[in-house]
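Following: one structure in structure tokens, then a few remarks.
The values are calculated or read from the model by the stated rules, or taken from the named source; none is laboratory data. Only a predicted model underlies this, so the values are computations on that prediction, with no experimental measurement involved. For the accessible areas, the whole protein counts, side chains as well, though only heavy atoms, and no ligand, DNA or RNA atoms are used. Shrake-Rupley method; radii C 1.70, N 1.55, O 1.52, S 1.80 Å.
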Amino acid sequence: ECNATEGGEELLPLLEKAVSGLNIALTYKPLSGPDGLSKGGAIEIEETLDTPARCGVIAHELAHELLLHKARRAETTMQQRELEAESVSYAVLTHFGLKPQSQFYLATYDVTAEMLSASLQTINATAKQIIGLLSQTDDSKEEGQGSAGTTGTPAQALAAEELTIAA
């Protein structure tokens with residue numbers, strides 16, 4: 001999942017509050033294997049992760065929850081589910097000024113530029129939904145702040161950055 005290496009001190013509590021506000025249980029615990037799990041109404045995060053990694057993994061798992069990936073397992077591929085969740089996480093973290101390195105994670109699933117393009121609408125809508133939730137929980141920010149200088153939609157920023165995965 002998104003492995004930002006710094007930042008997130010302000011974003012982490014916003015993510016935790018947004019997850020809670022959606023009535024999704026969030027637990028930090030030792031996990032054997034993945035850094036996070038989406039269980040349909042519950043998210044588990046590896047307790048040893050630092051703040052920036054927690055932000056990336058929570059955003060990734062929250063995307064799985066919002067996209068109902070657990071319920072839609074039969075009609076989606078693992079590759080598609082991971083592409084969507086990781087791309088949403090990337091867009092959310094980038095919006096809030098973190099620098100995730102999702103292309104390495106996505107490369108492990110052999111994601112192509114065509115796959116990314118096919119999912120851009122889903123990724124964009126879900127990223128906007130999460131950014132909206134986080135903005136509602138952050139009363140201290142003025143409208144438009146926190147975008148880290150990006151323009152266009154979260155998915156456009158993602159596409160511009162990550163289409164290099166197919167190269």
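Taking the condition of being modelled with pLDDT of 85 or more and open to solvent by less than 60 Å² (accessible area, probe 1.4 Å), how many residues in segment 126-148 meet it?
So the count comes out to 7.
Being open to solvent by 10 Å² or more (accessible area, probe 1.4 Å) and part of a helix (DSSP H, G or I), is that true of even one residue in segment 55-63?
Checking segment 55-63: not a single residue is open to solvent by 10 Å² or more (accessible area, probe 1.4 Å) and part of a helix (DSSP H, G or I).
Taking segment 64-79 only, how many residues are in a helix (DSSP H, G or I) and open to solvent by less than 60 Å² (accessible area, probe 1.4 Å)?
Residues that pass the stated criteria total 4.
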